[in-house]
Amino acid sequence: MISIPTLSQFIASGKVLLLDGATGSRLIASGLQPGYCPELWNIEQPDKVKNVARTYFEAGSDAVLTNTFGGSLLKLRDYGLEGRVNELNAAAAELALSVKPSGRFVLASMGPCGKFMEPFGEVTRDQIGKTSLIDQLPPM
């Protein structure tokens, strides 16, 4: 029986972990229009999102990131999609996992919320933590 390493074991081995590239740029090359929510494509254009991950794996990536860079509640609110945080993030993870070869990895991508924190903006430290760690991460 072949043992498949965990991500921790892979990193501890000292090997270089080759990650994917610019997912957003690949989605744009696939037809994503400027100003459109990339995470919505996890539902509306799943084959295109899967193809991005598949292409990176085929190119030799050890790991790919989910299409969830802007998947926080605060960022999705900009598109009127704050009620779909779980759906969009879970779909992204499922899509990437569906094309993951054995022995490779899928990592959750979590980007900035696009808002300024107090005292320069209206978002509090607690809101940032809640919308990322409590709302965005669990569905993935």
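The values are calculated or read from the model by the stated rules, or taken from the named source; none is laboratory data. Just so it is clear, the model here is predicted, and its values are computed rather than measured. Virtual Cβ from ideal backbone geometry, glycine too; neighbours counted across all protein chains shown.
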Specify which of the listed residues (Pro119, Pro101) is modelled with pLDDT of 95 or more, more than 25 Å from Pro138 (Cβ to Cβ), not in a helix (DSSP H, G or I) and not β-branched (Val, Ile, Thr). Pro101
Kindly evaluate Ser98 against the criterion of being surrounded by 19 or more Cβ atoms within 10 Å (Cβ to Cβ), among the hydroxyl-bearing types (Ser, Thr, Tyr) and within 29 Å of Ser8 (Cα to Cα). no
Scanning segment 110-140 residue by residue, those buried (at least 16 other Cβ atoms within 10 Å of the Cβ) and within 17 Å of Arg84 (Cβ to Cβ) turn out to be Met110, Cys113, Thr131, Ser132, Asp135, Gln136, Pro139, Met140
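State the number of residues belonging to segment 72-84 that are part of a loop (DSSP other than H, G, I, E, B), of a type outside the set (D, E, K, R) and at pLDDT below 95.
Residues meeting the conditions: 1.
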Residues of segment 29-54 satisfying the condition of being of a type in the set (S, T, N, Q) and either assigned to a loop (DSSP other than H, G, I, E, B) or farther than 16 Å from Leu97 by Cβ (or both): Ser30, Gln33, Gln45
Output for Cβ contacts, cut-off 9 Å, separation at least six or different chains, first residue among the charged types (D, E, K, R) in segment 103-125, second outside any helix (DSSP H, G or I) and loosely packed, with under 13 Cβ neighbours inside 10 Å, reads Lys115/Gly121; Lys115/Glu122; Glu118/Thr124; Glu122/Phe116; Arg125/Glu118
